[in-house]
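This is the structure I have questions about; it appears just below.
The values are calculated or read from the model by the stated rules, or taken from the named source; none is laboratory data. Values in this document were obtained by computation on a predicted structure and should not be read as measured data. FYI the Cβ positions are ideal-geometry reconstructions off the backbone, even for glycines, and counts take in every protein chain you see.
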Amino acid sequence: MDLFEYQGKQYFAKYNIPVSAGGVATTVDEAVAVALTAKYPVVVKAQVQVGGRGKAGGIKLANDEAEVRLHAKNILGMDIKGHVVKRVWVENASDIAEEYYASFTLDRGAKKHLLMLSREGGVEIEEVAEKNPAAILMLHIDPVDGLPAAAAKKAAVDAKIPEAAQQGVADILVKLYRCFVEGDCDLAEINPLILKPTGEVHALDAKVSLDENAEFRHPEWAEFQATVELDARELLAREKGLQYIGLDGTVGIIANGAGLAMSTLDVVNQVGGSAANFLDIGGGANADLMASALDVINSDKNVKSIFINIFGGITRGEEVAKGIVEALSRVTLKAPIVIRLDGTNAEEGRKILADAGIPESTLISKPTMLEAARAAVAISNGK
C-alpha cells in the first residue's frame, strides 16, 4: 500500500525522523489555516502518487495568504499524469544547503534488507543510477543484525556525505531503518534528505510503501486504506474480490497464481506487447470467478485482447474449461481471448473448449505460454 507524501511524513514522525511542520488540506480555506500554523513562507504541494509534481506546477512557494490561496486554488483539481489532486500538503519552507538520498527496501534475491544512500539527492534515483552509479552506496543489512549506529555512520562516510552532515545522516538512517522494520514497510525513502544551513539534517520528502501482509499488526493503517486511490477498474475488481492492479497496456491478463501472473506480464513484454493489468484469480477458476474476471477486463477500454494463462494443479483443467465456457455465456466480450491451458487434465480441458462451439474470433487456444503471448500481442496490434 503506497502512502501519500503527507502520510509518509506522519509515519516518519512516529519514529522521530525530523520533518517540516505542516498539515494536509482539501480546500483553499483549509490550506490558509494550515499555513498560519506552519508559519510563512510555506510550500504548497500536490498530493498525488506519481512523480513530476514540480514540473507540472504542483509544488509552489507561498510567502503570504494571498499566494497560498492562489496556489491552493490552482493545484486542487489539477490533473498530473492522470492523477487528480484532491488534497495538498502545506508545510514550512526549508532552507537547503545540500540534498541527499536515502532509502531502505528488501533485496529478495539476497534475502537481506538494502540501504541505498547517495550524496546526489533531489532527483530520481534511477537517473543517478544511470548517469553516475558510483554515486550510490548500496549496503546489504542482515535483518538479524540490524543497523547499529556505528554501521550507519560508516555508511554515511562511505557514501561521501560531507563531514558536516555525516552524524545527522547516520542518526536519521538508524531511525529510518527502525521505521522500515517495525513499521512493516516494503519501501521507506527520503528524497531529498537535506542539510540545512544551520547544520540540521531533515526529511524534506517521504515515500513509503507498506507491506499489506502485515496489516493485521497495524489497525492504525485503516486510515490509510480510506485514502487509497483506485481507478474504475480497480474499484470494480475490489467489489468482486479480485487481486487486480491496473496498468497501461492493451493485453488483458488473467492467470491463476501471482507468480504465473507476473511471468505472464514478462512474456507479453518479451514478445513486444504491454499488459493492461495484473489479475490473479488464485487456485479456483469456476464460472463465477471467471465471469467476474472477464467483467473487470471488459471495463478497460484499452484492452484489445485477453490472455488467459492457467496452469492446473489442484485446479483441474476440465473444471477451468467448464468455468470459461459458462462465463462466456454470461459476459459479452469486447476483445477476443487467447488461452493457454496446461497442467492437470489440461488435455481434457482443451477438448471441452474445442467442442463448445466457441468461434475463433472469440477464443483461440495455444499449447504454450510463449505462443499464446505472441497470438495475444498480435491481436492487440491489429494483426
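Looking at 144, 90, which is the one that is over 22 Å from the mean Cα position of the chain (by Cα), β-branched (Val, Ile, Thr) and surrounded by 20 or more Cβ atoms within 10 Å (Cβ to Cβ)?
Just one listed residue meets the conditions, 90.
If residue 80 meets every condition in (1) outside the structural domain of residue 191 (by TED's automatic domain parsing); (2) over 26 Å from the mean Cα position of the chain (by Cα) apart from one, which number is that one?
Here residue 80 clears every test but (2).
Find the strands (runs of 3 or more DSSP E) located wholly in the range 204-268 whose residues include 1 or more that are farther than 24 Å from residue 377 by Cα and either modelled with pLDDT of 90 or more or β-branched (Val, Ile, Thr) (or both), and list them.
Output list reads 207-210.
Before we move on, is residue 291 closer than 24 Å to residue 242 by Cα and either in a helix (DSSP H, G or I) or not assigned by TED's automatic domain parsing to the domain that holds residue 272 (or both)?
Here the answer is yes, as residue 291 does meet what is asked.
Please work out which residue is modelled with the highest pLDDT, limiting yourself to the range 303-344 and to residues that are among the small types (Gly, Ala, Ser) and either under 16 Å from residue 360 (Cβ atoms) or assigned to a helix (DSSP H, G or I) (or both).
For the range 303-344, the residue satisfying everything is 305.
Please pick out the residue among 214, 164 that is touching an Asp or Glu at 6+ places or on another chain (Cβ under 6 Å), over 17 Å from residue 6 (Cβ atoms), small (Gly, Ala, Ser) and surrounded by fewer than 17 Cβ atoms within 10 Å (Cβ to Cβ).
Being touching an Asp or Glu at 6+ places or on another chain (Cβ under 6 Å), over 17 Å from residue 6 (Cβ atoms), small (Gly, Ala, Ser) and surrounded by fewer than 17 Cβ atoms within 10 Å (Cβ to Cβ) holds for just one of 214, 164, which is 214.
Within the range 269-311, track down each residue that is within 16 Å of residue 257 (Cβ to Cβ) and crowded, with 22+ Cβ neighbours inside 10 Å.
Those that are within 16 Å of residue 257 (Cβ to Cβ) and crowded, with 22+ Cβ neighbours inside 10 Å: 275, 277, 279, 281, 285, 290, 293, 307, 308, 309, 310.
A follow-up question, please. Identify all residues within the range 354-377 that are modelled with pLDDT of 90 or more, surrounded by 16 or more Cβ atoms within 10 Å (Cβ to Cβ) and not in a strand (DSSP E or B); write none if there are none.
Result: 366, 369, 372, 373, 374, 375, 376, 377.
On to the next question. One residue is enough: does the range 177-184 have a residue meeting the conditions outside any strand (DSSP E or B), of a type outside the set (Ser, Thr, Tyr), in the same structural domain as residue 140 (by TED's automatic domain parsing) and free of Cβ contacts under 8 Å to residues at least 12 places away in the same chain?
Among the residues of the range 177-184, not one is outside any strand (DSSP E or B), of a type outside the set (Ser, Thr, Tyr), in the same structural domain as residue 140 (by TED's automatic domain parsing) and free of Cβ contacts under 8 Å to residues at least 12 places away in the same chain, which makes the answer no.
Just to be sure, is residue 86 outside any strand (DSSP E or B) and either more than 28 Å from residue 26 (Cβ to Cβ) or in contact with a Ser or Thr (Cβ under 6 Å, 6 or more places away or on another chain) (or both)?
No; evaluated as a whole, the condition is false for this residue.
In addition: From the residues in the range 4-62 that are in a strand (DSSP E or B) and more than 27 Å from the chain's Cα centre (by Cα), which one is surrounded by the fewest Cβ atoms within 10 Å (Cβ to Cβ)?
61
Further question: Here's a check for you: in the range 312-353, which residue that is of a type in the set (S, T, N, Q) and surrounded by fewer than 19 Cβ atoms within 10 Å (Cβ to Cβ) is nearest to residue 295 (Cα to Cα)?
In this case the residue turns out to be 332.
Return yes when residue 350 is charged (D, E, K, R) and in contact with a strand residue (DSSP E or B) (Cβ under 8 Å, 6 or more places away or on another chain) and no when it is not.
yes
Checking the conditions here, which among 125, 136 is out of contact with any helix residue (DSSP H, G or I) (no Cβ under 8 Å at 6 or more places or on another chain), surrounded by 15 or more Cβ atoms within 10 Å (Cβ to Cβ), among the aliphatic types (A, V, I, L, M) and on the phi < 0 side of the Ramachandran plot?
The conditions single out 125.
Need pairs with beta-carbon distance below 7 Å; first residue more than 17 Å from residue 52 (Cα to Cα) and among the charged types (D, E, K, R) and within the range 68-81, second modelled with pLDDT of 95 or more and assigned to a helix (DSSP H, G or I); sequence gap 6+ or separate chains.
Hits for this filter: 69/28; 69/32; 73/28.
Right, here's the next one. Tell me, which residue of the range 63-77 that is part of a loop (DSSP other than H, G, I, E, B) and under 28 Å from the mean Cα position of the chain (by Cα) is farthest from residue 247 (Cα to Cα)?
Step by step, filter the range 63-77, then rank; the result is 76.
Right, here's the next one. Please go through the range 358-382 and give me each residue that is touching a Ser or Thr at 6+ places or on another chain (Cβ under 7 Å) and not aliphatic (A, V, I, L, M), ordered by number.
380
Separate question: May I ask you to list the residues in the range 93-111 that are within 21 Å of the chain's Cα centre (by Cα) and either within 22 Å of residue 194 (Cβ to Cβ) or assigned to a strand (DSSP E or B) (or both)?
Of everything in the range 93-111, those that are within 21 Å of the chain's Cα centre (by Cα) and either within 22 Å of residue 194 (Cβ to Cβ) or assigned to a strand (DSSP E or B) (or both) turn out to be 101, 102, 103, 104, 105, 106, 107.
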